[in-house]
1. If I ask for residues that are closer than 22 Å to residue 744 by Cα, of a type in the set (Val, Ile, Thr) and within 15 Å of the ligand (Cβ to nearest atom), which ones from the range 687-714 would you list?
2. Sort out for me the strands (runs of 3 or more DSSP E) sitting completely within the range 386-480 that have 2 or more residues that are among the polar types (S, T, N, Q) and either within 23 Å of residue 372 (Cα to Cα) or over 48 Å from the mean Cα position of the chain (by Cα) (or both).
3. Only one residue in 777, 717 is part of a helix (DSSP H, G or I) and near the ligand (Cβ under 9 Å from one of its atoms), so which one is that?
4. Would you confirm whether any residue within the range 666-678 is within 16 Å of the ligand (Cβ to nearest atom), part of a strand (DSSP E or B), farther than 30 Å from residue 600 by Cβ and touching a residue at least 12 places away in the same chain (Cβ under 8 Å)?
5. Under 60 Å from the mean Cα position of the chain (by Cα) and touching a residue at least 24 places away in the same chain (Cβ under 8 Å): is that true of residue 56 in this structure?
6. What's the number of the condition residue 563 fails, among (1) closer than 25 Å to residue 522 by Cα; (2) touching a residue at least 60 places away in the same chain (Cβ under 8 Å)?
7. Would you pick out the residues in the range 872-881 that are small (Gly, Ala, Ser) and assigned to a loop (DSSP other than H, G, I, E, B)?
8. If you check residue 327 against the conditions, is it modelled with pLDDT under 80 and charged (D, E, K, R)?
Amino acid sequence: MKIRTKTTLIFLTFSLIPLVLIGAFAYKTGQTAIMQSLGGSFQQIANQTIDKVDRSLYDVHRNVKTWAELELMEEVITGDLDGRISSFLIRLSEEYGSFSSIHVLNTDGTIIASSRPDRIGSEFNQENLFMKAIRGEGAIQDVREEDTEKGWGVTFAFPIRSKSEKEKVIGVLTGRWKADELAKMTQVVQGETGSPRLLLIRGDGLVISAPEAEQEILFKRNLVEFKLQSAASAIRKGRGYLIENDEEGRASLIGYDYSKGYRDFQGLGWSVLVVRDLKAAFEPIQRLKWAIVTVVFGVAILVLIVSVFVTRTLTDPILEISQIASRVAQGDFEGKAKPLSKDEIGSFTLTFNQMIEDLKKQRDQLVDKNYVDSIIGNMINSLIVINTEGLIERVNKATLDLLGFTEEELINRKVSRIFPDDLLTMAMALKSPTEKGFLNNIETTYFEKSGQSIPVFFSGSAMKNHQGKIEGIICVAQDITERKKSVERLNYLASHDALTNLPNRTLFYDRLGQAISRVAWRNRLVAVLFLDLDRFKVINDTLGHAVGDLLLQEVSKRLGLLLRSGDTVARLGGDEFVIILDDVAKAEDVAKVCQKILESLSKPFLLKEHELFITVSIGISLFPNDGRDAETLLKNADTAMYKAKEQGRNNYQHFSPNMNVKALERLALETNLRHALERNEFLLHFQPFVSLATGEIVGMEALIRWRHPDLGMVSPAQFIPLAEETGLIVPISEWVLKTACRQNKTWQELGLRPIRMAVNLSARQFYEKDFRKGVVATLRETGLEPHYLELELTEGTIMKSTDVTITALDEFHQLGIAISIDDFGTGYSSLNYLKRFPVNKLKIDQSFVRDVVKDPDDAAITNAIVVLGHTLQLKTIAEGVETQEQLDFLRSIGCDEVQGYLFSKPLPAEEATKVLAEGKRL
Ligand SMILES: Nc1nc2c(ncn2[C@@H]2O[C@@H]3COP(=O)(O)O[C@H]4[C@@H](O)[C@H](n5cnc6c(=O)[nH]c(N)nc65)O[C@@H]4COP(=O)(O)O[C@H]3[C@H]2O)c(=O)[nH]1
């Protein structure tokens, strides 16, 4: 239960209980007082009333007695007043009014005179009364009904005595007093007591007088019948008052008194009851009750208001403090209680606020400590705290991981286990107030447990307490082993070739510069050898880059083994290597090295499952003769290498100044080639090829020609490699394809017998993204049907990327375009692929055809290609057929087609047209 409710209840209880008790006591006392007062007053009314009745009855009794003692009554008896007495009695009864009859009886009991003449002569029927009176006593008959006397009444009887005969009873006088008179006597005395009912009760309990409203009960009902049992028995004992429930269950207050008589009148034993409905009687006390209830209720409300106010004043701060306390329990330290008063609660509030403030500070410190602990614990860097004596006070996990110690092995030990001497000196110097107090990112080393040193970046800082006194040194170290390795690796990569691990161009220049400076004043030579692998491109294209890379690595190894330690082998990129021969005495020495290189590299290379043979072309330049700086020496060695290539490869050439002229020519050629297309300097020649079965021309091969205004006719053998190198081959080839297709269509439109047009494709063109689309578009544009087009690809191109090749060839095949493999036999065809490729023709390279008659090897190869072609259901064509012998041989081995000067050289378009029109045959 809340304090507020509890306090309110206590207030209410302790203020209301006495109040209710006092109220109840007051009510009870009031009730008793009222009852006593009312009861007393009722009893008094009863007393007064019964006195009144007694006096009245006494008066009647005295009157009747007086009348009996009148002298004239003797005369009545004697008969002297016979006629007049009755009228006297009538007058009496009328005068007093309250008598229903007055009789004079003789000693026999016969009525001799009466106020009621009708009764004269009749017997008096109240014998007991008569007998008493005749015996000389005054007698009273209690109220009763007498038929002869017309209703209810009280009868008095007194003896009539003779005056002369010594009081001898000579008759009786009776007077009957009417019961109606009783009602007059029981009229209520109105007053403070309200209007109680007055009941006059005969000694046996019969009601003989009652209020007017209750007349019907008169002489009929008994107290017992009213269930006024208590009253019935009480009246026999005397006077008093009591409370009783009547027949209808109503409680009544009853005051009562009994008849005691008056003077010589003995009374009839009647009682008077003063009856009042208790509710009505207690009406004042009811008012008192409501007054008390109202007061109690009012006081209760007042107490409630006061108690609520008081408890609120007391409990509100407590409630607020309790709410803030529960928030504090949940970790919220932001609330503060308002001090509402300057009493004890106010000072308690202030103390409570102070307490929260303190708790918050402690919590924050705890959080900070945990935070710091968790940071230190999770730090990647090593953290060591040492005291001013150089003993280790604290280490984090990163330190233990880095150095391999356990915490126990370090705590309270000297930091010199970890720090080298110079670092220890520097670290301990931090505690000196004259120093700046920190060290930042110093590259140094730590010792690990095994004694091995680890490179680190070290930062140290003096640790001060609140008073600013230095208590220790915080040492943070970052392991830079990996970083150092990376830097070394980067430096290495910056100066080396990643594939072969040989020095790269940068390091080459560096070394060459050093070599030059070493020999500059000693009359010695430095040689630069520029090596280019012959036909490396073919190997790379044919067997893939992986094999190409392996070859380059193997070449590097072999070159490394050949050279002295002071010499340098570097790779400039691709298949280009350079060698610096340091400190050479004479040019011949260089030639010897070159010879060794040629020999070494001519030995077969076993790479994966391939056995490869390569040759190399070497260009040589010498310091100081061929250049005095690294760039010139390299350039000239390069030029000399080109010369070696021109010389048929697999040889070495010394640089000579006129070589530079050639190099310049090559550069000029490239520039011209770039403009050739737009200047319309290209044209096509067409060389027919014929079927050996029919002797008819079955197709023409389109061969490009470049007619340069100054250089004249430039051979494709000269500019096609250059065009491939520069990428110009793509637009040039597009032009060739379009021109060739258009020419073939023109021949068809001229009505010549349709033949196929063979077009050479370069590898680069074949792998162009939109090449296939381009071919289809060209056919559509020129209107040539696809089966009149034949594409010639070299063996290397086809084998280069077999997946791409199969897809492309399939597409061409489906379109109906024929595919022939050019220069077949010079490359590395895989029979497996050959079987899967949709190829139509193998073109036997002219190098085999040339000596086919003389050289049995060439004859065997040519024969093998024809057999292979037929096995794979491919056509075979021999190119470069110049002699009848060659032709005969080819026919003998079943070659399908031939092409060569024997039948026709490549012809300009008009001549080719003529040849076709003439229907030239073999
Ligand atoms: N000694 C001798 N030679 C003969 C004989 N019959 C033909 N030739 C020559 O042999 C070469 C055959 O062409 P290739 O092997 O495809 O070799 C071609 C081909 O690879 C390339 N080429 C020519 N035109 C094109 C072209 O339009 N596109 C591409 N990509 N390459 C072309 O240039 C190479 C050289 O072409 P050309 O100088 O026209 O030289 C042609 C041709 O004139 C003969 O009986 N004896």
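1. 690, 697, 704
2. Details: elements: 392-395, 438-447, 453-464, 470-479.
Fully inside the range 386-480 and qualifying: 438-447, 453-464.
3. Working: 777 fails: near the ligand (Cβ under 9 Å from one of its atoms).
One residue alone meets the criteria, 717.
4. No - not one qualifying residue is present in the range 666-678.
5. No: the conditions fail for residue 56.
6. With (1) closer than 25 Å to residue 522 by Cα; (2) touching a residue at least 60 places away in the same chain (Cβ under 8 Å) applied to residue 563, the lone miss is (2).
7. Matches in the range 872-881: 880 only.
8. Here the answer is no, as residue 327 does not meet what is asked.
The values are calculated or read from the model by the stated rules, or taken from the named source; none is laboratory data. Because the structure is a prediction, the values reported are computed rather than measured. Using ideal geometry, Cβ is built from the backbone for each residue, glycine included, and neighbour counts are taken over all protein chains shown. These area figures cover heavy atoms from the full protein model, side chains too; ligands, DNA and RNA do not enter into them. Shrake-Rupley method; radii C 1.70, N 1.55, O 1.52, S 1.80 Å.
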